[in-house]
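Visitor: Got a structure here, written out as structure tokens. Questions coming.
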Amino acid sequence: MNPTAIDMTPTATTDPGPDYWAVIRTAAIRAGSALIRGTITAWRYLCTLLTLARLGLLWKASCAATGLAIQRTQTDQYGTRLHTTVHAVPRLDRYRVNAHGWTMRVRLRPGQHLGQYTEAAIPLRHTARVQAVKAIELPEQPGFLELRILRRDPLVRVTERPREIEAGRLAVGATETGDPMVLDFTEHPHYQLIGATGSGKSMLLSCVQAAIAPTDGVLVFWDLKFGIEAEAWRARYTEAAVTQREVLASCGRVLGLAEQRAAILRRLGVRNVAEADAAGVHLRRVYVLVDEVAELAHDHQTEKIADQLLRELLRIVQLVRAMGIHVMLCGQRFGSDLGKNITSIRAQVSGRVCLQVNDPQTAEMVLGGLASEDQKRALTLVRPGMAIVQDGQQWHYARCSYLTTVEIRALAAAHADKRIGWDELAADDQLAAAIHNRQETAR
């Protein structure tokens, strides 16, 4: 046999099998991470319970010192020794404890009101040695208040990741109680997001897009700041408009989609996309993000279409709620000085998120339903991404998550397959309605 000849006899290959050490190592890392998280959470709960016990022991004395209870001083029968007694101490019940603090209900004594507990919040904070104490009215329970005590500030480092909780409800950060910061487009179909330069407005907008990206939601971005913010997410956008002329064309496409969906809803006999979804016709939610809204109102030298843009935007926010189309308006200021239709547009946008602003007038425009002292808190927000979120007549502090540019680009690339064009979206809506009609006919 020629020693230089190549042996062509097939040889059996051995299967190395699973890498058991890699599996064990992965399981150990996950178990260790879970153990660390559980230990930290348990320690936080323990600290909260100890702080709660401290306030419980000092509650009677604190109420006496702040005037929330009646304090009587008497002398003995010889008139030489004073004796102080405390009466009518407000009763506490319905404790709800979490890792960052707790809430408890207070039964008011006759004649007491919210203002007295608001004034006593600072002394109570120092008595309990906590971050903050906040008194909240309970509209459905006259004679009771709720005290919200924050033992530690969960907004120093936000660990909540952007995600969709359910259709139309997006978690984009954390609140002062440690709960997720939720933008609920089912309750507030449109949002205005107002903040000064450097307040974290762009990061909050990125968190909104990060929550939408893994879903089948449609992203439309009107970036009138030279298209810089749109670039990182461009792979995920159905459309990105960077000039007033492009925005005007996009307005026509949004209204055209709304008109088509209105016809579908009429045929189905339902009033909105949620009812259509329950009937078996799924219509994707469309999110129109606008940054910066003031640029829509400014006429440029070459084009004079600002008034037309504002009219189209007003039509959109007035008409598209039921069709599953949501608008988020971002800017530094959203006052009537921008244009004659601004006030009408602002009146249609019920969702309000106010980051740090530079003047009380802007805070009042965004948080008009709150008391003036609450509005002024928006002037003192020092952390980027921290905001005041209005919820009816109440409000709370919140802060968005932080995403690096690398994370944003990775998310956009990973979910680029979720992108859908306008024509494809319209065809998808018609197909869903047609399939439903055939199923109904078959029945």
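The values are calculated or read from the model by the stated rules, or taken from the named source; none is laboratory data. Because the structure is predicted, anything quoted here is derived from the model rather than measured. FYI the Cβ positions are ideal-geometry reconstructions off the backbone, even for glycines, and counts take in every protein chain you see. Side chains are part of the model used for accessible areas, which takes the heavy atoms of the whole protein and leaves out ligands, DNA and RNA. Shrake-Rupley method; radii C 1.70, N 1.55, O 1.52, S 1.80 Å.
Visitor: Can you count the Lys pairs in the chain whose Cα atoms are under 21 Å apart, with each pair 8 or more apart or on different chains?
Guide: On the way: LYS60/LYS134; LYS134/LYS376; LYS201/LYS225; LYS201/LYS376; LYS225/LYS304; LYS304/LYS340.
So the count works out to 6.
Visitor: Please find, in a Gaussian network model of the chain (springs between Cα atoms separated by less than 10 Å), the residue of GLN318, GLN141, GLN308 whose mean-square fluctuation is greatest.
Guide: Result for the chain, Cα springs under 10 Å: GLN141 fluctuates most.
Visitor: Can you check what the net charge comes to around ARG94, using other residues whose Cβ is under 12 Å from the Cβ of ARG94 (Lys, Arg +1; Asp, Glu -1)? Write down the numbers at each step before the final one.
Guide: On the way: positive: ARG91, ARG96, ARG105, ARG107; negative: ASP93, GLU146.
Taking every Cβ under 12 Å from that of ARG94, the sum is +2.
Visitor: So, one more: Mind checking the full-extension length gain between LEU314 and LEU92? Use 0.36 nm per residue of separation minus the Cα-Cα distance, one decimal, nm. Please list the in-between numbers first.
Guide: Values: separation 222, 0.36 × 222 = 79.92 nm, distance 4.84 nm.
Length gained between LEU314 and LEU92: 75.1 nm.
Visitor: If you don't mind, another one. Leaving out ligands, DNA and RNA, and with a 1.4 Å probe, what % of the accessible surface on the chain is carbon or sulfur? Don't jump to the answer; show the numbers that get you there.
Guide: Details: 12520 of 23620 Å².
Of all accessible area on the chain, carbon and sulfur atoms account for 53 percent.
Visitor: Pick from TRP222, TRP422, TRP233 the residue whose mean-square fluctuation is largest in a GNM of the chain, springs joining Cα atoms under 10 Å.
Guide: Taking springs between Cα atoms under 10 Å, the residue moving most is TRP422.
Visitor: Ok, one more. Along the charge dipole of the chain, which of VAL133, THR405, THR84 sits closest to the positive end, that is, farthest toward it, with unit charges on the beta carbon of Lys, Arg, Asp and Glu (+1, +1, -1, -1)?
Guide: Among VAL133, THR405, THR84, the one farthest towards the positive end of the dipole of the chain is THR84.
Visitor: List the residues, sorted by chain then number, that are 5 or more residues from ARG151 or on another chain and whose placed amide H is less than 5 Å from its amide H.
Guide: GLY101, TRP102, GLN131
Visitor: So how far apart, in nm, are the two label points at ARG72 and ARG129 if each is 7 Å from Cα heading toward Cβ?
Guide: Here the answer is 3.4 nm between the modelled labels.
Visitor: Once phi is turned into ³J(HN,Hα) by the Karplus curve 6.51 cos²θ - 1.76 cosθ + 1.60 with θ = phi - 60°, what whole-Hz value does each residue of segment 25-42 show in order, with x for glycine and proline?
Guide: Whole-Hz 3J(HN,Hα) from phi for segment 25-42: 4, 5, 5, 5, 5, 5, 5, x, 5, 5, 5, 5, 4, x, 5, 4, 5, 4.
Visitor: OK, next. When the label point is put 7 Å from the Cα of HIS298 along its Cα-to-beta-carbon vector, which residues of segment 324-344 have a backbone N closer than 19 Å?
Guide: 329-343
Visitor: Could you calculate, for segment 178-308, the ratio of the Cα radius of gyration to the Kirkwood radius, expressed as Rg to Rh? Walk me through the intermediate numbers first.
Guide: Values: Rg = 16.4 Å, Rh = 16.6 Å.
Ratio of gyration radius to Kirkwood radius for segment 178-308: 0.99.
Visitor: Using 0.36 nm per residue, how much length does the chain from ASP277 to ARG443 gain when fully extended, once their Cα-Cα distance is taken away? If you can, show how the numbers build up before the last one.
Guide: On the way: separation 166, 0.36 × 166 = 59.76 nm, distance 1.88 nm.
Stretched out fully, the ASP277 to ARG443 stretch lengthens by 57.9 nm.
Visitor: Highest GNM mean-square fluctuation, the chain, Cα pairs closer than 10 Å: which of ARG129, ARG266, ARG346?
Guide: Taking springs between Cα atoms under 10 Å, the residue moving most is ARG266.
Visitor: Under 5 Å between amide hydrogens, which residues at least 5 positions from MET328 or on another chain qualify, with H placed 1.01 Å from N in the peptide plane?
Guide: Answer set, sorted by chain and number: TYR191, VAL288, LEU289, VAL290.
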